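Undergrad: Shown below is the structure under consideration.
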Amino acid sequence: MVSKFPVIVGHEATGIVESIGEGVTTVKPGDKVIPLFLPQCRECNACRNPDGNLCIRSDITGRGVLADGTTRFTCKGKPVHHFMNTSTFTEYTVVDESSVAKIDDAAPPEKVCLIGCGFSTGYGAAVKTGKVKPGSTCVVFGLGGVGLSVIMGCKSAGASRIIGIDLNKDKFEKAMAVGATECISPKDSTKPISEVLSEMTGNNVGYTFEVIGHLETMIDALASCHMNYGTSVVVGVPPSAKMLTYDPMLLFTGRTWKGCVFGGLKSRDDVPKLVTEFLAKKFDLDQLITHVLPFKKISEGFELLNSGQSIRTVLTF
């Protein structure tokens with residue numbers, strides 16, 4: 001995501017309200033909350049539309065300030081930018097009221113922090129954006145934390161076959177544990193992955209999800225869903241300043257190509273509901289957490305991520 005520097009990054013967390021500003025009514029000091037990188041002002045067109053969620057207050061252009069145009073961080077007297085309305089890699093942060101959701105006090109913070117982005121983005125992509133139907137065949141490109149959450153969403157929606165795809169075969173066991181029925185690596189065949197999937201499924205892939213953010217796999221995912229009634233969802237963040245070239249015949253035959261931010265979920269409305277569902281054991285976040293580290297070992301967390309060893313590393317203060 002685009003950002004101005006210097007910046008305090010981080011966008012997936014659970015916290016406690018320390019104090020509130022004038023006019024804040026939806027949270028109070030002591031409340032357990034999840035900061036929202038995707039705000040919900042409840043007043044703009046996207047918020048008022050039942051199918052919309054990309055609130056006008058979202059900072060996808062990287063302005064790095066709060067809604068009033070100010071930054072609340074300084075270092076040695078100089079301003080430091082905010083990241084995606086949240087900035088969670090810090091013990092204290094300041095967010096707008098539209099960028100925070102009160103959650104159940106019983107929720108374990110070191111688990112439900114994932115509902116702040118990774119889990120919700122993947123799960124929502126399947127159940128809300130993709131609208132996966134019971135008995136369907138789904139394919140998930142990329143088996144990181146968000147990809148695994150897509151699999152959990154497909155399973156929850158009643159998909160009968162869920163195929164996971166990744167170059168890193170170490171991810172296959174975890175994918176199977178959360179609901180994939182089989183996993184494959186594109187390296188294992190010389191054929192295009194869309195042909196491999198067509199042969200595997202009898203040409204019956206209803207839904208594909210690209211959860212990597214690579215232009216090539218976005219087109220692969222589109223080509224892999226059924227040419228007439230398939231739906232392909234772009235979940236991975238595309239690289240900035242890059243353009244995509246593809247054969248429009250892929251769409252002309254009837255496919256649907258969709259994108260989503262935060263799984264199409266309305267943040268302030270849906271995050272508390274997901275936390276409640278987690279407490280009711282509707283899904284298991286433990287499967288997504290491979291490491292827990294003290295915050296001062298954050299660099300180690302990035303190393304685990306880059307080397308493909310971790311799904312999610314939770315940092316604790």
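Undergrad: If you average the alpha carbon positions of region 9-71 and of region 221-235, how far apart do those two centres end up, in angstrom?
TA: For region 9-71 versus region 221-235, the Cα centre distance is 32 Å.
Undergrad: Considering amide H positions built from the backbone, and no H for Pro or chain starts, which residues 5 or more places from H81, or on another chain, come under 5 Å of its amide H?
TA: So H81 has HN proximity to V7, I8.
Undergrad: Additional query: Check which residues have an amide H placed less than 5 Å from V139's amide H, if you skip close sequence neighbours.
TA: Counting only residues 5 or more places away or on other chains, the set is I163, Y207, T208, F209.
Undergrad: Could I ask something else about it? Can you pick out the pairs among K133/K171; K169/K191; K169/K273; K133/K273; K32/K171; K131/K281 whose Cα atoms lie more than 27 Å from each other? Walk me through the numbers before you get to the answer.
TA: Numbers: K133/K171 25 Å; K169/K191 19 Å; K169/K273 34 Å; K133/K273 22 Å; K32/K171 33 Å; K131/K281 22 Å.
Among K133/K171; K169/K191; K169/K273; K133/K273; K32/K171; K131/K281, the Cα-Cα distance tops 27 Å for K169/K273; K32/K171.
Undergrad: While we're on this one: Which whole-Hz couplings ³J(HN,Hα) result when phi for each residue of region 120-133 is put into the Karplus expression 6.51 cos²θ - 1.76 cosθ + 1.60, θ = phi - 60°, listed in order with x for Gly and Pro?
TA: Once θ is set to phi - 60°, the couplings for region 120-133 become 4, 4, x, 4, x, 4, 7, 7, 9, 7, x, 6, 4, 9 Hz.
Undergrad: Still on this structure, I have one more. Of the accessible area of region 130-259, with the probe set at 1.4 angstrom, what percent is carbon plus sulfur?
TA: On the way: 3410 of 6120 Å².
Ligands and nucleic acids excluded, carbon and sulfur give 56 percent.
Undergrad: On to the next question. Rounded to the nearest 0.05, what FRET efficiency do A177 and Q309 have when you use their Cβ-Cβ distance and R0 = 25 Å? Walk me through the intermediate numbers first.
TA: On the way: r = 16 Å, r/R0 = 0.66.
Once rounded, the FRET efficiency stands at 0.95.
Undergrad: At a threshold of 8 angstrom on Cα-Cα distance, excluding pairs fewer than six apart, so keeping six or more, what relative contact order does the chain reach in percent? If you can, show how the numbers build up before the last one.
TA: On the way: 679 pairs, mean separation 54.1, N = 317.
Contact order relative to length: 17 percent.
Undergrad: Among (i) 34, 21, 19; (ii) 32, 27, 18; (iii) 40, 22, 20, only one was calculated for this model; which label is it, if the read-out is semi-axes √(5λ) of the Cα gyration tensor in Å?
TA: (i)
Undergrad: Using 0.36 nm per residue, how much length does the chain from K281 to R72 gain when fully extended, once their Cα-Cα distance is taken away?
TA: Length difference between fully extended and current span is 71.5 nm.
Undergrad: For a 20 Å ceiling on Cα separation, which of these pairs sit above it: K174/K242; K128/K258; K28/K296?
TA: Values: K174/K242 32 Å; K128/K258 11 Å; K28/K296 29 Å.
Beyond 20 Å: K174/K242; K28/K296.
Undergrad: With a 1.4 Å probe and every protein chain left in place, work out the accessible area per residue of the chain in Å², rounded to a whole number. Don't jump to the answer; show the numbers that get you there.
TA: Values: 15630 Å² over 317 residues.
With all protein chains present, the chain gives 49 Å² per residue.
Undergrad: Can you work out ³J(HN,Hα) from phi for every residue in region 61-69, in order, using Karplus 6.51 cos²θ - 1.76 cosθ + 1.60 and θ = phi - 60°, giving whole Hz and x for Gly and Pro?
TA: Running phi through 6.51 cos²θ - 1.76 cosθ + 1.60 with θ = phi - 60° gives 8, x, 5, x, 9, 7, 4, 7, x Hz.
Undergrad: For region 47-54, take each phi angle, set θ = phi - 60°, evaluate the Karplus expression 6.51 cos²θ - 1.76 cosθ + 1.60, and give the result in whole Hz per residue in order, putting x for glycine and proline.
TA: Working through the residues one at a time gives 5, 7, 7, x, 9, x, 8, 7 Hz.
Undergrad: In addition: Based only on the alpha carbon positions, what is the Kirkwood hydrodynamic radius of region 74-228, in angstrom? The partial results should precede the final answer.
TA: On the way: mean 1/r = 0.0579 Å⁻¹.
Kirkwood radius, region 74-228: 17.3 Å.
Undergrad: If I model a spin label at S160 and E110 as a point 7 Å from the Cα along the Cα→Cβ vector, what separation in nanometres do I get?
TA: 4.2 nm
Undergrad: Quick one: which residues, 5 or more positions from D31 or on another chain, have an amide H under 5 Å from its amide H? H modelled 1.01 Å from N in the peptide plane, none for Pro or chain starts.
TA: V17
The values are calculated or read from the model by the stated rules, or taken from the named source; none is laboratory data. Please read these numbers as outputs of a predicted model, since none were measured by experiment. Counting neighbours? That spans all protein chains shown, and the Cβs are built from the backbone with ideal geometry, glycine included. Please note that ligands, DNA and RNA were not included when accessible areas were found on the heavy atoms of the full protein model with its side chains. Shrake-Rupley method; radii C 1.70, N 1.55, O 1.52, S 1.80 Å.
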